[in-house]
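Novice: One structure coming up, written as structure tokens, with questions to follow.
The values are calculated or read from the model by the stated rules, or taken from the named source; none is laboratory data. For clarity, every value in this text was computed on a predicted model and none was experimentally measured. Cβ placement follows ideal geometry from the backbone for every residue including glycine, while neighbour counts extend to all protein chains displayed.
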């Protein structure tokens, strides 16, 4: 039996992997839609911060919002690490830290939190993250790298240490799908799905397991040097997030 749920631990891992992918690939690939016709100007630090939706606005669809932090601070506090006790095969599915390069010098901001039950009623875990990066030389190349790395993990496996001496083993995969059209931007979208066995702690029969399926939506937009990155529990929330940030960026350019 497969029970569609969302797993808190894996959502955090998905964030770590997805947020670091753009520096992990090499070479070129084709992905996304609507190559930029007129790129925004280079943004200063305060403008990058202003692109993110303010906490007061986020709370319309979020039950909690973490403070906005710089990308450098996110690196320093381990926001982009997968954490101990988690492994995947191929390693590219999650373990991206060995191929990161130096993110500490990349300008940008991120914030995260949890969507409200009303905003994502089908997901028991409603983690979200939005980030903006200023990529020297053009953000479109970052999408190429993301696409190339994700395509190595169309059917991977994952192992999660439970802390009790046992490991959960399951599957992990990424599937590209149609990305939203944004005026003047190149976009990319993919769904991360993890499936792990689960035993209901309330059950008297501990031999009965269901399969937990966790979906996380990744949507990216590139315009000039600006990369907008969104991870959300649903596709519509991810699209809305990227579109709103892109509109705010255009208004600042």
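Novice: Any idea which residue in segment 112-131 is modelled with the lowest pLDDT, counting only those that are in a loop (DSSP other than H, G, I, E, B) and either under 17 Å from the mean Cα position of the chain (by Cα) or closer than 23 Å to residue 67 by Cβ (or both)?
Specialist: Here the answer is 125.
Novice: Can you tell which of 86, 69 is at pLDDT 90 or above, within 30 Å of residue 161 (Cα to Cα) and surrounded by 15 or more Cβ atoms within 10 Å (Cβ to Cβ)?
Specialist: Criteria check complete, one pass: 69.
Novice: Of everything in segment 175-184, what is at pLDDT below 90 and in contact with a helix residue (DSSP H, G or I) (Cβ under 7 Å, 6 or more places away or on another chain)? Give them in sequence order.
Specialist: none
Novice: Say we look at segment 132-144 and pick out the residues that are crowded, with 23+ Cβ neighbours inside 10 Å and not in a helix (DSSP H, G or I); which of these is modelled with the highest pLDDT?
Specialist: Step by step, filter segment 132-144, then rank; the result is 132.
Residue-by-condition table, conditions (1) at pLDDT below 85; (2) more than 26 Å from residue 126 (Cβ to Cβ); (3) touching a helix residue (DSSP H, G or I) at 6+ places or on another chain (Cβ under 9 Å):
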| site | (1), (2), (3) |
| --- | --- |
| 146 | yes, no, yes |
| 163 | yes, no, no |
| 168 | yes, no, no |
| 171 | no, no, no |
| 186 | no, yes, yes |
| 201 | yes, no, no |
| 207 | yes, yes, no |
| 220 | no, no, yes |
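Novice: Here's another thing I want to ask about it. Among (1) within 17 Å of the chain's Cα centre (by Cα); (2) surrounded by 19 or more Cβ atoms within 10 Å (Cβ to Cβ); (3) at pLDDT 90 or above, there is one condition residue 22 misses while meeting the rest; what is its number?
Specialist: Looking at each condition in turn, residue 22 falls short on (3).
Novice: Here's another thing I want to ask about it. Which ones in segment 148-157 are at pLDDT 85 or above and out of contact with any helix residue (DSSP H, G or I) (no Cβ under 7 Å at 6 or more places or on another chain)?
Specialist: 154, 155, 157
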